[in-house]
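Heads up: the structure comes next, in C-alpha cells.
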Amino acid sequence: MIPISPEVNYIELYFTLKCNLSCHYCINEHSTVKRHREELPVDRLIKAIERLDFSKHILTIGGGEPTVRKDFYDFVNNLPSRVSIDLLSNLQFDVEEFVNRVDRSRFSTGKTGAYKSIRISYHPSTMNPHALIEKAKYLQDNGFSIGIFGINHPGNTEANIEMSEIAREKQIYFFIKDFLGEFYGTKFGFYKYPDSVGQETLKSCKCRTHEMLIDPAGNVFKCHRDLYINEFLVGNITDESFVPEFTFRECSKYGDCNPCDVKVKTNRFLQMGKCAVDIEF
Ligand code: SF4
Ligand code: SF4
C-alpha cells in the first residue's frame, strides 16, 4: 500500500461539487468554481482508496453535498473497514434512511468532545433551524457523533443566537466558525498570508499543503483554489503510479489563493492557529 505522509493532517474527497441548496455566500455557487465534473463511479474510487495506506488518517467525505449522489451509500458501505470516515453535510437527507443504511462504527471517534465526525453546516438563509436540530438529534440519539457549525457572517448574527439557544436546549453541539470574505467592503477572516487573497497582481512562490484534496474525478490538487478551478492537478488517485507527496511545489498564483487555504483556522479538533499551507518566496 502507498503511504500518506504523517505531515498530511486532512484528507477530503469532494464526492460531488453539486449541492441541493443555494446559499447566497457559497463559494461553490457564486464564483469560478467548476461544479460539474466527471464523478468517478464508486467501484473505481474504492479501488483507488484501497491502494492508499490511510494508517491513522481519516477520510473526510465532503462536497458540495455528498449525499446528493445516488451511490453515496454504496460508497460508504464498501470502503475498506480500516478507513475511518468523517462526513461534511448540510443534513438535507433522509436521516431515517441514513441510520438504517450506515454502520455508525464506520465513523471516526474523537478523543475530545469537541471533535465531531459528522459536521453539519448551518446556513440560515436556506435552512429551518428547528428542522435541522431535530434531524441532528435523531442522528445523535442513534449513536452518531454530530456537530452543527454556523458561520459568523454579519448577516447571520440573530440566526446564530437562535441556533445557540435551540441547540443548547436539545443538547446538540453548535460552534460558530469564522466567515471568510467581504461584507460591505470589509474583509473578514484572519490570514497567515494576508496579501495572498484578492490581489490583481499575482506572484510566484513555493507552496506546500498539509491537506490532500481529491475532486470527484479522483484528481488531487495542491490547494482549494486549484481544485475549485480544476487547474494544476498533481495526480489522480486511480493512476497506479500516483504517490502522494508532501513537498513544496511551484505556484504562480500567489495573490489569488482561496481563503480556505491561507486562513489561520480552527481545525477539526477545534485547535486554533492552524494553516493548511506553508509558503516560501
Ligand atoms: S450547503 Fe454548502 S455547498 Fe451547499 S449551497 Fe450552501 S454553502 Fe454551498
Ligand atoms: S500559493 Fe496559493 S494558489 Fe498557490 S498553491 Fe499555495 S494556496 Fe494555492
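The values are calculated or read from the model by the stated rules, or taken from the named source; none is laboratory data. Computed from a predicted model, the values in this text were never measured in an experiment. Glycine gets a Cβ as well: all are built from the backbone with ideal geometry, and neighbour counts include every protein chain shown. For the accessible areas, the whole protein counts, side chains as well, though only heavy atoms, and no ligand, DNA or RNA atoms are used. Shrake-Rupley method; radii C 1.70, N 1.55, O 1.52, S 1.80 Å.
Assorted remarks:
- For the set Lys34/Lys137; Lys177/Lys206; Lys70/Lys263, the pairs lying more than 31 angstrom apart at their alpha carbons are Lys34/Lys137; Lys70/Lys263.
- Other-chain or far-sequence residues with amide H under 5 Å of Lys253's (modelled H): Cys205
- Cβ-defined net charge surrounding Gly218, 14 Å radius [Lys, Arg +1; Asp, Glu -1]: -4
- Stokes-Einstein diffusion of segment 1-120 at 25 °C, 0.890 mPa s viscosity, Kirkwood radius from Cα pairs, rounded to a whole number: 159 µm²/s.
- When DSSP beta bridges are restricted to pairs lying wholly in the chain, around 40% turn out antiparallel.
- Binning all Cα-Cα separations of the chain at 10 Å, short to long from zero, yields these whole-percent fractions: 6, 28, 37, 23, 5, 0.
- Charging the Cβ of each Asp and Glu at -1 and of each Lys and Arg at +1, and nothing else, the dipole of segment 31-161 about its Cα centre rounds to 420 debye.
- Long-range HN-HN contacts of Ser84 with modeled amide H, under 5 Å: Leu59
- Ranking by accessible area, most exposed first, for Lys47, Lys34 with a 1.4 Å probe: Lys47, Lys34
- Remark: segment 189-198, residue by residue, has Karplus-estimated 3J(HN,Hα) of x, 10, 10, 5, 10, x, 8, 8, 10, x Hz, where x stands for each Gly or Pro and the curve is 6.51 cos²θ - 1.76 cosθ + 1.60 at θ = phi - 60°.
- His130 accessible area, 1.4 Å probe, all protein chains in place, Å² to nearest 10: 100 Å²
- For segment 121-133, Karplus couplings with θ = phi - 60° (6.51, -1.76, 1.60), whole Hz, Gly/Pro x: 8, 10, 10, x, 6, 10, 9, 8, x, 5, 5, 5, 5
- Part-to-part distance (alpha-carbon centres) for segment 82-106 and segment 35-60, which is given in Å: 17 Å
- Segment 86-234: C-alpha gyration tensor shape, a/c 1.5 cut-off, then a/b vs b/c: oblate
- Residues whose amide H falls under 5 Å from that of Lys177, counting only those 5 or more places apart or on a different chain, are Gly150, Ile151, Asn152, with hydrogens built in the peptide plane.
- Three-way shape label, segment 240-281, alpha-carbon gyration tensor, a/c 1.5: oblate
- Cα-based shape type of segment 47-172, given that a ≥ b ≥ c are square roots of the gyration tensor eigenvalues and the cut on a/c is 1.5: prolate
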